[in-house]
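Contents: one structure, followed by commentary.
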């Protein structure tokens, strides 16, 4: 967890507490929690996790709000004037006022040096928090973009599958139509063959009848004497 900032949901996951309970603790004891804000978002340092866990345990044991704040409130540094008011009075024969003033100055200098170092560390920590927060925002944007692309790809895949299904259905319909057309073609070819065969038989029958009528007409045109002679010869084809 070191080197990164946490949100309320992260603290809830780390401590095992309910997120709503963590939010309530943050609202009531936010002054003792190491945190900083970026806009409306509160970012907590990793040290806030054990504090939240301890505060939740004390609160469950019935410890009052003020007692918890007093226990975890960071001590403030005293100013020079407060140190001057709280120092014991000089007795006769002891160090002069200048010595006491020098002592106070040395104490003030010794206190101011770590403070400046701590301020430098605080600025470095703040810069790191900003960097990590910016990285988290970029990661969140990349995740959102990835999810959007996945949805678009899923939609395109579904549309492609639908199009393929429609094409397969159309292909099957065309194949059915072709098969039906082939059946009709075979039917009409068979009918034409039947009609052609019937016409051939009709033509042969008509030729026979024409030949018969020609012979009859020829016979009718002959004279009675020719008919009689033919009958005597026994050549009567009738």
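General observations
- Of all residues in the range 216-227, exactly one satisfies the criterion of being surrounded by 10 or more Cβ atoms within 10 Å (Cβ to Cβ) and assigned to a loop (DSSP other than H, G, I, E, B), namely 222.
- Note on the range 35-59: residues that are outside any helix (DSSP H, G or I) and under 20 Å from residue 135 (Cβ atoms) amount to 12.
- Any chance residue 74 is under 50 Å from the mean Cα position of the chain (by Cα), at pLDDT below 80, more than 30 Å from residue 135 (Cα to Cα) and surrounded by fewer than 10 Cβ atoms within 10 Å (Cβ to Cβ): yes
- Every pair of residues 6+ apart whose Cβ atoms lie under 8 Å, when the first sits in the range 194-215 and is surrounded by 10 or more Cβ atoms within 10 Å (Cβ to Cβ) while the second is at pLDDT below 90: 215/237
- All of 132, 109 fail the test of being loosely packed, with under 10 Cβ neighbours inside 10 Å, out of contact with any helix residue (DSSP H, G or I) (no Cβ under 9 Å at 6 or more places or on another chain) and modelled with pLDDT under 90, apart from 109.
- Candidates 146, 169, 173 - the one that is at pLDDT 90 or above and surrounded by 10 or more Cβ atoms within 10 Å (Cβ to Cβ): 146
- Taken residue by residue, the range 15-31 has at least one member that is modelled with pLDDT of 75 or more, in a loop (DSSP other than H, G, I, E, B), closer than 27 Å to residue 135 by Cβ and out of contact with any strand residue (DSSP E or B) (no Cβ under 6 Å at 6 or more places or on another chain).
The values are calculated or read from the model by the stated rules, or taken from the named source; none is laboratory data. Just so you know, these numbers come straight off a predicted model, no measurement behind them. As a convention, Cβ positions derive from the backbone with ideal geometry for all residues, glycine included, and neighbour counts pool all protein chains shown.
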